[in-house]
Every structure is written in structure tokens, then in C-alpha cells.
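Enquirer: I'd like to ask some things about the structure below.
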Amino acid sequence: MGILDFFRSRPKNTASVAKERLRIIVAQERAQQGRPDYLPLLRREILEVIRKYVNVDPDAIDIHVEKDGDSEVLELSVALPEQRTAGTEKAGEAATPSEA
Amino acid sequence: MENEQHDPSRVETPPLPVPDASFPSPGRTTLTEIIVVTSGKGGVGKTTTSASLAVGLARRGKKVAVIDFDVGLRNLDLIMGCERRVVYDFVNVIHEECTLKQALIKDKRYDSLYVLAASQTRDKDALSKEGVEKVLKELTDEGFDYVICDSPAGIEKGASLAMYFADRAVVVVNPEVSSVRDSDRILGLLSSKTRRAELGNGPVEQHLLLTRYNPDRVAVGDMMGVDDVKEILGIEVIGVIPESPGVLSASNAGVPVILDDTSPAGQAYEDAVARLAGETRPMRFLDAQKKGFLARLFGS
């Protein structure tokens, strides 16, 4: 550190930036850890089937697996385009017994 | 100026602990504890840590085996300084090409310390779960107090086998984004892909060990501090090893850095071993060196 640095103001702390970025990515990755591996493929295939009948947006399908006591619930929601005034509609909901 | 501090007020060496009745905790004196040293990311100091923990525990009179799981890229032998005495290796034992006794290399410094080298010639598929289990069982039967498993980087076969049978895990992490993220991934695997997790025998006890810690950079906000890393990963910290020239000198010489009592890194490893053994010790080397006004003005 020289005489110039001594008077120059420091840029924003990089450590706090690192911590904030990590906090977000770690939380995101932990949330994904318990999820079954087949979800992305399942989502894509369901999207293909639906698109045979309705032209939905690729982002219109939302899949979640939730733990409900001993059983796991696979929740699938599809947002259908226009026509209907309500954008989102539950297209299907299936409960499966615990796979673990 | 590097982080090595020779100010006598900072480098007070703790008196070498005499093995006492409280260690290991009563009731588990006859058990073998399997400790994996892992990280996900490469180059963070797993082998340096494995070597120092093994030496530290042996120095306390414990019977210790340290195993290199990095098949194809062995290095523990170099860090331990026994590379010229490797005749048989871990894979030879698993494939029954020699006995375990033939493959264990006795340390020249401590009678109760043994090294099991990785194979340099085979590929990583040479390890099998059954083979590893057989070796660990034999070490248990031989009355070893500790088996340290030095994991390779990554999350492939060698790394997953190194952690599979563990009772405890030391996750080595640098205060740096990619290392912290990889450590979190490893923590997830430790709580799902281990024998303890599969059999429901309680969790693998997890500890964080920070290495290459630079208190000066933490002080000015250029490096995440120990509390930041602890907060993100959510597990307890068993040691903080300051960045120190002693680490390179030690690996150059093939003498685990814990044996360098003058190096802050060596002292910090000794503290970590004490904590691993259940002692309480304050963290040292966390504070930046105080620089005088003139030193700051004219650089150092």
C-alpha cells in the first residue's frame, strides 16, 4: 500500500458481494437437491403433449414436488393462453405414494 | 509482506498435549473412527490437511492410518515424505495382490502412524465399495484409533468412496466463491450418499476447515471471513489455517506442516487436531496484523 492508496477511497468490498452471491446460489441449489432427476425431462415431455392441442408458452408449465407427511405430492400447473380470462388453471394434480 | 508472523507474542506454542483419559471420549476407546477429508474443489489443501491431521493425532499417541483415495494422481506419499518407500498400494490390497500389512508404510517419525498410498498406474475404477470396506474392516480389527481418508477432488467414484464409510467429515474450504459452493454440494452428498445416511445410523459429523485464510484481506473486505463462510454453509468450524509460506516449505521437504511449530499454519493445524479430539481452543490468527502509520503510508 503506497502513499496514493492511502488517500484513495476503496471500492465496494468484494467480500460482501461474494457472500451475497453465494447466499443466493447455495439456497437455490439446496432447494433443488431433493428433487427427483427426472423432473426436467418430465416437464419437457408434458409440454410436448400439451402443445399438440394447445399452443402454450414453454414457461407455462410449473412442476413441484412437495413432501406431505409420508407421501410426496407432484403438483403440475399449466397456464393456458388467452381466451379464458383467468390465466392460470390447475390442469392436473396427482398424488403418489412416497418413493423414498 | 507475507502473513508469517515471528512476533513472539503471537506465536506462543501451546504445550504439547499429553494424551489423557478424556480423549477419546470415554466409551469409544476401542472403536475406530473414520474421518474423510474432502472438499469438492481441487487445490484447496485436502492432502496437506490429511497429512497434518494424521500426524497430529499420532503425536497424541493414537494409532492412525491415512489413506490416499486419489487413484492415478497420488500425492499423499510426497506430502508425508515417504514416496520412495511405496512398494504396494491401496489398489494392490483391494485386488489381493499383497496383504494390508505389506502395503502400510510406517512413518519414520511416529511409530503409530501408517500411510496407505494410492495406485499411480490404475484408473479410478480400480476401487470398489466392497474392497474399500474390506480394508477399513481390517484396519478396525487391527485396533486403529483413526483412519483418515484423503479424498480426491470432484464428486466421482474416488471421492464418493472416500466419504461413504465416514463417521466424520472435515470439509476443507477456501474463503472463495467456487470453493464454498462446491463445499455445499459435498455437504449435501455427506448427508445422503454415505453408509450412515443409508442405514439411518445418524448423520456424518461435519466440520469446516478454512485454509489459505488471509486476515489482512478479510480486514479490508477483500476476502470473506470465517463467520461469513460459517453462515453460508451452516456448519461448525474446526479450524482456520492462515495462508503461510510454511505450507509450501513443508511440502517441499515432505514434512507435514503441523510439525513446523514456528509456522502459524502448523500451530493452527495443531489447534484443529485438539478440537477434533474434543478440546476447546480459541481460534488464533484471525486478526489482521496491525500496521503502523508509517508502514501504511510507505507500503510494506
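Enquirer: Any idea how far apart A:L47 and B:L78 come out in nm if each label point goes 7 Å out from Cα toward Cβ?
Expert: Modelled inter-label distance: 4.7 nm.
Enquirer: With all protein chains present, calculate the accessible area of B:E142 using a 1.4 Å probe and round the result to the nearest 10 Å².
Expert: Result for B:E142: roughly 80 Å² accessible.
Enquirer: Across the stretch B:248-256, in residue order, what do the Karplus-derived ³J(HN,Hα) couplings come to in whole Hz, using 6.51 cos²θ - 1.76 cosθ + 1.60 with θ = phi - 60° and x for Gly and Pro?
Expert: Residue by residue, the stretch B:248-256 yields 5, 4, 5, 6, 4, 8, x, 10, x Hz.
Enquirer: Please report, in debye to the nearest 20, how large the charge dipole of the stretch B:185-256 is about its Cα centre when each Lys and Arg carries +1 at its beta carbon and each Asp and Glu carries -1 there.
Expert: Rounded to the nearest 20 debye, it is 380 debye.
Enquirer: Sticking with this structure for a sec: If I fit a long axis through the Cα atoms of helix B:264-276 and take the longest principal axis of the Cα atoms of chain B, what angle between them do I get, 0 to 90°, rounded to 10?
Expert: 50 degrees
Enquirer: Could you order the peptides A:14-27, A:36-49, B:50-63 from most to least packed, using the average number of other C-beta atoms within 10 Å per residue?
Expert: B:50-63, A:14-27, A:36-49
Enquirer: Mind ordering B:255-262, A:55-62 by average Cβ neighbours within 10 Å, highest first?
Expert: B:255-262, A:55-62
Enquirer: Also, quick follow-up: Roughly how big is the A-B contact, given as buried accessible area in Å² (both sides, 1.4 Å probe, nearest 100)?
Expert: 1800 Å²
Enquirer: From the square roots a ≥ b ≥ c of the eigenvalues of the alpha-carbon gyration tensor of the stretch B:164-206, which class results: rounded (a/c under 1.5), prolate (a/b over b/c), or oblate?
Expert: prolate
Enquirer: Using only Cα atoms, what Kirkwood radius does chain B have, in angstroms?
Expert: With all distinct Cα pairs of chain B included, I get 19.6 Å.
Enquirer: Which whole number gives the average, over all residues in A:18-26, of C-beta atoms from other chains lying within 10 Å of the residue C-beta?
Expert: 6
Enquirer: If you average the sequence gap of Cα pairs under 8 Å that are 6 or more apart and divide by the length of the stretch B:135-238, what percent do you get for the contact order?
Expert: It comes to 25 percent, rounded to a whole number.
Enquirer: Let me ask something additional. Mind ranking B:112-118, B:156-162 by how tightly packed they are, going by the mean number of other C-beta atoms within 10 angstrom, highest first?
Expert: Going by the mean number of other Cβ atoms within 10 Å, highest first, we get B:112-118, B:156-162.
Enquirer: How many partner chain Cβ atoms sit within 10 Å of a residue's Cβ in peptide B:182-193, on average, as a whole number?
Expert: Mean number of neighbouring Cβ atoms from other chains: 2.
Enquirer: Mind pulling the angle between the C-alpha long axis of helix B:129-141 and the longest principal axis of chain B? Nearest 10 degrees, somewhere in 0 to 90.
Expert: Once rounded, one gets 80 degrees.
Enquirer: Per-residue Cβ counts within 10 Å, from other chains only, averaged over B:227-233: what number is that?
Expert: The per-residue average across the peptide is 3.
Enquirer: I'd like the carbon and sulfur percentage of the solvent accessible area for the stretch B:60-128, probe radius 1.4 Å, heavy atoms only, ligands and nucleic acids excluded.
Expert: Heavy-atom surface of the stretch B:60-128 belonging to carbon and sulfur, 1.4 Å probe: 46 percent.
Enquirer: Right, here's the next one. By how many degrees, between 0 and 90 and to the nearest 10, does the Cα long axis of helix B:177-190 differ from the longest principal axis of chain B?
Expert: Computed tilt is about 30 degrees.
Enquirer: Just need log10 I(q)/I(0) for the stretch B:149-300 at q = 0.09, 0.17, 0.21 Å⁻¹, Debye formula, equal scatterers on the alpha-carbon atoms, no solvent, rounded to two decimals.
Expert: -0.34, -1.08, -1.41
Enquirer: Moving on. Which percent, to the nearest 5, of DSSP beta bridges fully inside chain B are antiparallel?
Expert: Once the DSSP bridges in chain B are tallied, antiparallel ones form about 5 percent.
The values are calculated or read from the model by the stated rules, or taken from the named source; none is laboratory data. Just so it is clear, the model here is predicted, and its values are computed rather than measured. Note that we place each Cβ from the backbone using ideal geometry, even for glycine, and neighbour counts take in every protein chain shown. Protein only, heavy atoms only, side chains kept; ligands, DNA and RNA dropped before computing areas. Shrake-Rupley method; radii C 1.70, N 1.55, O 1.52, S 1.80 Å.
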